[in-house]
Amino acid sequence: MVDTILVGVQQFTTFTINQSGNIYIFLPDSWVYTASDPAVHVTGAAGGNVLRIRGTIGSASGSDPALDVDAEDTRIVIEKSGNITAQIGIGLEDVSADIINNGFISGDLTGILLDGSVGRLINNGQIAAASASSYAVSQSTASGDFHLENHGVISGYGGLALEAGELTVTLGRSSRIYGVIGMLVSSQSGDTAEVVNHGLMSNAAGYAYNSGAGRDTFTNRGTIFGDINFGGGDDRFIDKGRFEGYISGGTGDDLFVLRKGILVDENIGGGTDSIRIGVTFTLPEEVENLRLTGSRNANATGNADANIMIGNAGDNRIAGGTAADTLSGGGGRDTFIYAKFDGGDTITDFKQGQDRIRIEGFTQFNSFADLDFIKSGNNVRISFADENGADFILVENQKIGDFDKADFLFG
Ligand SMILES: [Ca+2]
Ligand SMILES: [Ca+2]
Ligand SMILES: [Ca+2]
């Protein structure tokens with residue numbers, strides 16, 4: 001039998017809940033305020049309670065949370081008039097809980113401490129951390145599944161400090177996350193973090209998102225001011241909004257699907273990384289592969305790595321740069337750029353009468369008559385052996401007789 005208990009207390013001593021399975025409604029004019037002990041303590045034996053906070057809960061100092069929950073399956077609803085202010089606003093340790101905040105939670109150290117706890121946090125109100133280097137929501141030990149949804153304001157030195165486990169975060173249209181660090185994800189190898197941002201992450205001086213060794217999948221449909229560091233793992237960033245910052249994929253094979261050119265800072269040897277983008281783009285160092293998306297006429301330029309470069313349905317200029325690059329134009333009228341000392345490149349889908357090869361930088365090979373064509377299986381190898389034995393273009397699925405001077409540009 002579930003009892004609904006109306007709590008109208010106004011007291012300076014701890015309000016203790018030690019019975020299970022009830023609904024406690026803290027009335028709007030209720031308050032519990034302590035010096036350092038928990039203001040409201042749900043003891044370990046008192047599982048399955050619902051707390052609806054319409055009044056004020058607070059403590060002045062001390063390491064105990066103002067709302068200290070030691071019981072499993074607690075549902076906490078901070079209603080609009082609800083207000084929690086302390087060193088640590090709400091604290092949960094190794095328990096499962098469901099927290100919905102529509103009110104105001106403020107902690108000097110942290111607004112909500114989810115120490116090893118699993119469950120769900122939905123914020124429609126405000127969660128703030130006051131002091132330097134503190135986070136509004138902090139999960140300080142590894143845990144299992146955790147789902148966080150924000151439609152309100154989360155602010156502090158840092159917004160969210162989470163352990164990944166299996167983390168899903170949804171930041172809605174009205175979500176605002178402010179801080180020097182927006183989200184810190186202390187993930188381990190094998191952890192996953194899935195984040196969708198529809199709102200604003202504003203972290204002008206630091207990281208909007210800074211993750212660890214786990215696998216991150218981050219979709220941005222909102223606005224991000226600040227840098228992103230994905231750390232280890234095969235990470236994926238899909239930008240469909242506005243992103244103003246630097247991005248680093250760290251180790252692993254990372255994929256960035258971008259709307260516009262951004263600053264990419266890949267670690268040396270950070271896996272095989274790929275960028276998909278619909279506009280002219282030059283691969284930054286240590287990003288290997290580039291695919292143009294959509295149908296806009298755009299150019300793709302590689303770097304000193306062996307690149308896989310793929311054009312889109314539009315007319316593309318595709319230049320692999322040095323090392324052994326693999327170039328594909330896709331549809332449209334594409335121009336493949338080959339410069340002296342570029343090494344041996346392969347063109348996979350040359351279309352006669354449609355695509356062209358521009359040859360640059362040679363002194364002796366500057367007309368069609370200067371080119372050497374050698375049959376190589378189903379392919380044709382265009383060689384520049386007179387000048388540099390390492391330079392050639394392998395054009396797949398062609399016959400020597402297919403080529404004429406209209407296929408080439410020089411200079
Ligand atoms: Ca990575
Ligand atoms: Ca194309
Ligand atoms: Ca290259």
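Inspection of region 29-42 finds a residue satisfying the criterion of being closer than 26 Å to Asn150 by Cβ and in a strand (DSSP E or B). Taking the criterion of being in contact with an Asp or Glu (Cβ under 8 Å, 6 or more places away or on another chain) and more than 16 Å from ligand 3 (Cβ to nearest atom), the only residue of region 303-315 that qualifies is Asp315.
Criterion first (surrounded by fewer than 20 Cβ atoms within 10 Å (Cβ to Cβ), within 13 Å of ligand 2 (Cβ to nearest atom) and either in a loop (DSSP other than H, G, I, E, B) or at pLDDT 95 or above (or both)) does Arg276 satisfy it?
Judged against the criteria, Arg276 is not a match.
Contact annotation: residue pairs with Cβ atoms under 8 Å, 6 or more positions apart or on different chains, pairing a residue in region 153-167 that is surrounded by fewer than 21 Cβ atoms within 10 Å (Cβ to Cβ) with a partner that is hydrophobic (A, V, I, L, M, F, W, C) and outside any strand (DSSP E or B), are Tyr157/Ala132; Tyr157/Val180; Gly165/Ala142.
Summed over region 232-258, the residues that are aromatic (Phe, Trp, Tyr), farther than 18 Å from Leu292 by Cβ and buried (at least 21 other Cβ atoms within 10 Å of the Cβ) give a count of 1. Restricting to region 338-352, and then to whatever is touching a residue at least 24 places away in the same chain (Cβ under 8 Å) and part of a strand (DSSP E or B), can you tell me which residue is surrounded by the fewest Cβ atoms within 10 Å (Cβ to Cβ)? Looking at the filtered set, the residue picked out is Gly344.
Scanning region 279-291 for residues that are in a strand (DSSP E or B) and among the hydrophobic types (A, V, I, L, M, F, W, C), which turns out farthest from ligand 3 (Cβ to nearest atom)? Of everything passing the filter in region 279-291, Phe281 is farthest from ligand 3 (Cβ to nearest atom). Output yes when any residue across region 303-324 is outside any loop (DSSP other than H, G, I, E, B), of a type outside the set (A, V, I, L, M) and more than 10 Å from ligand 2 (Cβ to nearest atom), and no when none is. No: region 303-324 contains no residue that is outside any loop (DSSP other than H, G, I, E, B), of a type outside the set (A, V, I, L, M) and more than 10 Å from ligand 2 (Cβ to nearest atom). Candidates are the residues of region 216-231 that are in a loop (DSSP other than H, G, I, E, B) and buried (at least 16 other Cβ atoms within 10 Å of the Cβ); the one that is nearest to ligand 3 (Cβ to nearest atom) is Phe230. Only a single criterion out of (1) more than 18 Å from Thr110 (Cα to Cα); (2) part of a strand (DSSP E or B); (3) hydrophobic (A, V, I, L, M, F, W, C); (4) within 16 Å of the chain's Cα centre (by Cα) is not satisfied by Leu184, namely (1). With at pLDDT 95 or above, farther than 23 Å from Gly125 by Cα and buried (at least 18 other Cβ atoms within 10 Å of the Cβ) as the only criterion, which of Ala46, Ala39 stands out? Only one candidate qualifies: Ala46. When Gly261, Gly278, Gly252 are checked against the criterion of being over 22 Å from Ile393 (Cβ atoms) and either within 16 Å of ligand 1 (Cβ to nearest atom) or of a type in the set (A, V, I, L, M, F, W, C) (or both), a single residue qualifies: Gly252. Exactly one residue among Gly21, Gly58 is at pLDDT 95 or above and part of a loop (DSSP other than H, G, I, E, B), and that residue is Gly21.
Test Ser295 against the criterion of being within 16 Å of ligand 2 (Cβ to nearest atom), under 28 Å from the mean Cα position of the chain (by Cα) and of a type in the set (Ser, Thr, Tyr), and give yes or no. Before the answer, list the steps.
On the way: within 16 Å of ligand 2 (Cβ to nearest atom): yes; under 28 Å from the mean Cα position of the chain (by Cα): yes; of a type in the set (Ser, Thr, Tyr): yes.
Considered against the rule, which asks whether it is within 16 Å of ligand 2 (Cβ to nearest atom), under 28 Å from the mean Cα position of the chain (by Cα) and of a type in the set (Ser, Thr, Tyr), Ser295 comes out as yes.
Considering each residue of region 286-303 in turn, none proves to be more than 16 Å from ligand 1 (Cβ to nearest atom), under 26 Å from Val185 (Cβ atoms) and modelled with pLDDT under 95.
Within region 292-302, is even one residue within 16 Å of ligand 3 (Cβ to nearest atom) and touching an Asp or Glu at 6+ places or on another chain (Cβ under 8 Å)? Yes - at least one qualifying residue is present in region 292-302. Inside region 4-18, residues that are closer than 19 Å to Glu72 by Cβ and not in a strand (DSSP E or B) make up a count of 1. Listed conditions (1) surrounded by fewer than 20 Cβ atoms within 10 Å (Cβ to Cβ); (2) in contact with a Ser or Thr (Cβ under 7 Å, 6 or more places away or on another chain); (3) farther than 20 Å from Phe146 by Cα are all met by Gly116, apart from (3).
Looking across region 61-79, the residues that are within 19 Å of Gly125 (Cα to Cα) and either touching a Phe, Trp or Tyr at 6+ places or on another chain (Cβ under 7 Å) or part of a strand (DSSP E or B) (or both) come down to Leu67, Arg75, Ile76, Val77, Ile78.
The values are calculated or read from the model by the stated rules, or taken from the named source; none is laboratory data. Predicted, not measured: the structure shown is a model, and the values here were computed from it. Every residue, glycine as well, gets a Cβ built from its backbone with ideal geometry; the counts of neighbours run over all protein chains shown.
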